[in-house]
Structure formats: structure tokens, C-alpha cells
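Below is one structure, written out as C-alpha cells, with a few remarks after it.
Every number in this text was worked out from the coordinates using simple rules, so none of it is lab data. What you see is a predicted model, and the numbers here were worked out from it, not measured in a lab. In this analysis, Cβ positions are derived from the backbone assuming ideal geometry, glycine residues included, and neighbour counts consider all displayed protein chains.
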Protein chains: 2
Amino acid sequence: MKIPSFAPIPAGLPATVPFTGPETLQRRRGRDFAARLGANENGFGPSPMAVAAMADEAALAWQYGDSSSHTLRYALADHLDVAPENLVIGEGVDGLLGLLVRLMIAPGDAVVTSDGAYPTFNYHVAGFGGLLHKVPYRDDAEDPQALVRRAHQVGARLVYLANPDNPMGSWHPGHVIQAMLDDLPPNCLLLLDEAYVEFAPEDAVPQITADDPRVIRMRTFSKAYGLAGLRIGYAIGHPDLIAGFERIRNHFGVNRIAQAAALAALQDQGWLADVIADVAAARDRIGIIARANGMTPLPSATNFVALDTGRDGDFARSIVAGLEDEGVFIRMPGVAPLDRCIRISCAPAAELDVLAEALPRVLARL
Amino acid sequence: MKIPSFAPIPAGLPATVPFTGPETLQRRRGRDFAARLGANENGFGPSPMAVAAMADEAALAWQYGDSSSHTLRYALADHLDVAPENLVIGEGVDGLLGLLVRLMIAPGDAVVTSDGAYPTFNYHVAGFGGLLHKVPYRDDAEDPQALVRRAHQVGARLVYLANPDNPMGSWHPGHVIQAMLDDLPPNCLLLLDEAYVEFAPEDAVPQITADDPRVIRMRTFSKAYGLAGLRIGYAIGHPDLIAGFERIRNHFGVNRIAQAAALAALQDQGWLADVIADVAAARDRIGIIARANGMTPLPSATNFVALDTGRDGDFARSIVAGLEDEGVFIRMPGVAPLDRCIRISCAPAAELDVLAEALPRVLARL
């Protein structure tokens, strides 16, 4: 006897798991990684105040979280100088991306992104039946003009751009993003993924009022705040757009411990500043390791560095596989010509030491 | 300037927030509740081992959770005597309900449930454009035969039944559920919500093999295991159906601390047994309080008791409002004739003391 059939859109989606996590790789190798440098996690860790908040909240885990994340949302509004109505808290940027796509995209609607940009966004677009149109990177950065041009050509409802970019670490000055808004087609929203914005230079942050109806910005506690495992992020946008999430979101979906930890993390801006400095130092160290091994570190405004191997995707993939054998988890861009690079997440010195020792051995074997 | 338009299905959904949480009510009243008896949370709390696991895991919150929840899934498979391929871990039953509806229901597809059953399921069906058909409760219980009959009439793709039931606490013997499976229309799935199953008598649990393609069962760590705030639950079903979730779920969406806490909670079956005994005692106490106030406690196989006020919905609603004024958070069924009842969650004695003192005052004022 067969199971009842899936709805047409899910029935047409790939059955394979799109994203392999480091734990899965560890089980395959039979050993844990000595250095976890592949998922742009923040090994400098969350604020000790956030860790204490989690432990404090643990005994209250029997209570559902506040469905409106009120305390956190008001604290964030204050921190960002926006209204609480400009903010929705969600289960990380990944969760918010899914909700936004569902809110905006009907089957067959056109969506524009860059070829090689964040695959989870593409996963959600396909998952809701949207039609993805991809423009190439230009000089290892997403190409705002090309994105807007394509949006006009295909009548896009949604344009995705990450600033700073993942996986390349590149960024645009804020005014370039602002200019995009004026050039968007009618009835088209810019989705500005700012997951890495805390690491970026100040002038990479566009000056956009939270009430601007043409754009939604997404940010997270996963990266600079070091809370990836808690799944908590937020979107900033026009109140009417933010209100749309209330129609479809899982109202009690945000973890109570995540709410408490994010609030504590937000309140410890000193720790955040220290982490940003640690990440900057780690970027420099990764650059030194790269050059010592004949690679070129690309400029980065994030907590990772793309290293240009100077060769092709096959070569880069063999480095990723070789490092996995050596106990170093990294990832790399998925499409040419970006895939000439490997991508290394910033981490404390001990983990970069492991990389510095393993990389020459891997290259010697190739 | 207006925001870009929503996709047609979300555009047609209600803009209001469907579920008001107790924190929202507390902010409206300007005071915290003295007794939190409205959301069927488990005030006896999670296992101390789970609390310790949360504190231990807090320092690792910078790492994403394992995308396949491997350790927990294998432990659950062992505990339930099913294969790991029969299980998917998700962000609570609420999250899994949304994914299942999305997986099975195309816009316009028919779905059958009971009038007054779990509203979050209805929310997801509407959210994906499904057409809900409701059959009435019969003797304060969901009516399996009527559900199946309606499923045939409307060509349903999905039938929802909770056993034990929320909000009434009633239940059917397992063989009644098993008989439903044989009577389902072709290409129709039974969604069996077993969120409260740990509280139920053994013969209320149907004997269904995990590979049965006609049914998916959903369970949670929110209720008996006392981890509502962590958002972690699971579904049991045929491997082909379970594999469908891989096409659409948020692969890194399950909280790392929730994974650790759920595993520890599962391993402390002694605590679970104690909680189940505490809940049974609290049900008896709620019954005593009810009778002392001229109400009739309905039999319950859950961690809450529906109290028949002997009057109508307006009367019951005024009790809910009156108790809120007194600092007691409860809820009640949403539709007649169920709404002659109020619903009280089991809780430690101190909270039931608050109820016992407040209820006569509320009734005296009505």
C-alpha cells in the first residue's frame, strides 16, 4: 500500500537533503572535527550574560515563549531606533526567509537572486513554487544593477541581496543599496539579508528608514551574537509588511530560552564589540595562513574569509575533502567562478592552528 | 507608497493575531498571573536532568543544532521500537502540523476536522489554502465515524483527530482509531495528534505499525515532558511520508538546546512517571474544586480538565474573564456546545489553591 500523494509543489521538489551538517559528516568519518570552520558559526561564543540567561531560563522551559517576543522586540526597537511595529522576531533568518517567500510568492512568480548566493533562500523559493532567475556575481560581489535589471525583465516580485555577501564576504557601500530601491520595478520587494552586518564597516550599512515599503531587512543572533543553535533572528520593515507575518507565522514558534538569551546578548554590547575585534584578528590570521599556502584571501566584511586558490572548482573541492580528512570542517561556494575559492569561518586561535597545520599537508597531497 | 502586494493566499487570510498568549494578557492587566492554567503547560516541570542538559548545552549555543537530530531521533526510535526512518523531529507539533499540511494540501483540497478541535491545525489549513470541513463533536468527544463519513463525502486528503482530545480531554479506545484507518477514503491520510498520549490509559493508544501508510502520528516534548518553551516534537509515519518532510522543512530549524533537553528528558522515564502521577492527582483536585463550585468535571485522559458549567458559552466566558481579573489564566472551548465548559490545566497544588480561592469569588459576582 502506498502513502497518500503529496501536493503538486512538494511532489515536484527534490527528495534529497539539501544541506549536510557537520554532525552528519562527523558520523560518516567516525570522528569529530578538530576545527569547525564551515558554517560561519561564532566560536568566540555568546556573551556570558546570554549563557547565564539560558541557564536561568531552563527551569521555565515548561512555559511556552511569549508569542509576540514582546520584551525582546521592544529592546531591539530601542536599540535600532525603530518602532516595535517595524520588527518581527522569528526562528532565525532561515525561518523568516521561508515566511517571507510564502507571504509574497505565488506559484510561478518570478524571484531574482545571484548565482551562488545563499542556497537556503533558493530552497524556500522552489519550495513555494516560485521561479528563480539568477544573475552572475561580478568581481566576486553580488551585482546590484544586474539584479535590478533582471527584476525588470522578468517582472520579479522579490529580489534577494545579502550585504555583506555570503559566501564571498564582499560588500557594497550603503548608498549602492539605497540606489537599488529607486530602481526596483513596481510591486517588487528587496530582501536585504544582513546576517553579517555587525561585522561590516559602518558605510556598508544603508541608510534606510524602517518604514520604507520597498525593502525588508533580515538580521540574526546566530552570527555576531553567537547564538546559531538557538534559532532566533528578526526582520525590519514597513509595519504593513511586518504585520503580514502574523497571518502565517507559527505564533508560539520562538523558543523561550532563545528569547531570554537574545535579550541578554543584546544588552551586552561590550561583548559584541570584543567578538567583532576577535573576528577581525581571526580574518587577518586566516589571510596569513592563506598566503603562506599560496592562496589569496579576498577582502571580507563578515566572520569568514573566501580564499582564492588560483585554480578551479575541482581543486577547491579536493581541498575541502582533504581538510575533512584532516578533521577540519570548511565549506566552499557552489558555482563557478566562485568555486575556485574555499571559505573559512573565523574562530579562536586554537582552531586556526589546526587549519594552519593541516592545510599544507592537504596541499602537498594534491 | 504602499508595500508590494502579498501572494493571493496570504492576502486572503485574516490580519488579526489568532492566539493570545498569557504574557500578552498579563501586559494588558498590568500584573502577572498568580496561576497559569490556560495553555496545558506542565507546571510540574521538566526532568532535572533536562534542566541540567540545557545549562550544559548553553555554552555551545554558538553551534547550529544537528540538522537531522540524529542522537535524539535514534534514541526515540529505540524508545518507541520503530526505525529512525519512521521519525522526523520538528519545532513542536505546531511546526510539524504546518509542514504536514504544506506537504499534503494544495489550494482547494478538502480537509476534515471536528468543530472545536485544535485551532492551530485549522490555521495551517487555511494558511495553505485548504478547505476545512468540520463535523460536530458527539458526547463531548471527536466522532471518528462522522469524520470518516465526511471525508468520503468531500474527498478529503487529510483528516485530523486528536486522541486524547483537546479541549475536552476525552478519548477513544485504540481499536476505534484502528478501525478508522480501514474506512478512510483512498488517497487520504489520518493525522492523529497524540500530544497528550503519555497521560492516557494504555488502551487509548492504538496499535498501529509505524510503517502504516494511512496515518501519521504527532507527539511532543511540550506536555508530559514539560518542555513547551523549547519547541520540539516528532512525527511517526511511513518512511516515504517522513522523507517528504526533507523536501520542505527548515533543516537547521530545531534548537540545539531543545535537542539536548529532549534527549535527557526521554532518558528520565522515572521523572515522567512521577509527573503523570502528579497530573492524575491534580485532575482529581480540579474535579473536587469543580464540584465544590457546582460544576461537573468531564473525564480526562490529558493534563487538563474540562469543567461543565451547566450553563452556556456566555456564562463560561464570563468565568474565564472573571478568573483573569483574579490572576488566574485559563482558556475554554471555542464553539457550542463545548463552550459551556471551561478548561483548567493541571498544575502544582499552590496554583490550584489560587484557583480554589478565586473561583467562588468569581461565581459569586456573576
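Overview of values
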{"read-out": "Fraction of the pair-distance distribution of the protein assembly as shown above 35 Å, Cα-Cα pairs, percent", "value": "45"}
{"read-out": "Cβ-derived FRET efficiency at R0 45 Å, A:Lys2 paired with B:Leu366, nearest 0.05", "value": "0.20"}
{"read-out": "Net charge dipole size for the protein assembly as shown [Lys, Arg +1 and Asp, Glu -1 on Cβ; Debye, nearest 20]", "value": "1140"}
{"read-out": "When segment B:48-267 is reduced to its Cα atoms, the Kirkwood hydrodynamic radius in Å", "value": "17.6"}
{"read-out": "Segment A:48-268, relative contact order in percent, only Cα pairs under 8 angstrom and at least six apart counted", "value": "29"}
{"read-out": "Average other protein chain Cβ within 10 Å of Cβ, residues B:254-261", "value": "5"}
{"read-out": "Per-residue average of Cβ from other chains inside 10 Å of B:19-32", "value": "3"}
{"read-out": "Segment B:48-267 - share of DSSP beta bridges that are antiparallel (%, nearest 5)", "value": "35"}
{"read-out": "Point-charge dipole on Cβ atoms (K/R +1, D/E -1) for segment A:51-101, about Cα centre, debye to 20", "value": "60"}
{"read-out": "10 Å Cβ neighbours from other chains, averaged over peptide A:42-55", "value": "3"}
{"read-out": "Cβ charges +1 (Lys, Arg) and -1 (Asp, Glu), total dipole of segment B:48-267, debye", "value": "660"}
{"read-out": "Candidate aspartates and glutamates for bridging to B:Lys134, where Cα separation is under 17 Å - those fewer than 8 sequence places away on the same chain excluded", "value": "B:Asp109, B:Asp115, B:Glu142, B:Asp143, B:Asp165, B:Asp193, B:Asp339"}
{"read-out": "Helix-only [θ]222 nm of chain A, DSSP H runs n ≥ 4, -39500 (n - 2.57) each, per residue, nearest 500", "value": "-12500 deg cm²/dmol"}
{"read-out": "Rounded to 5, percent antiparallel among DSSP beta bridges of the protein assembly as shown", "value": "50"}
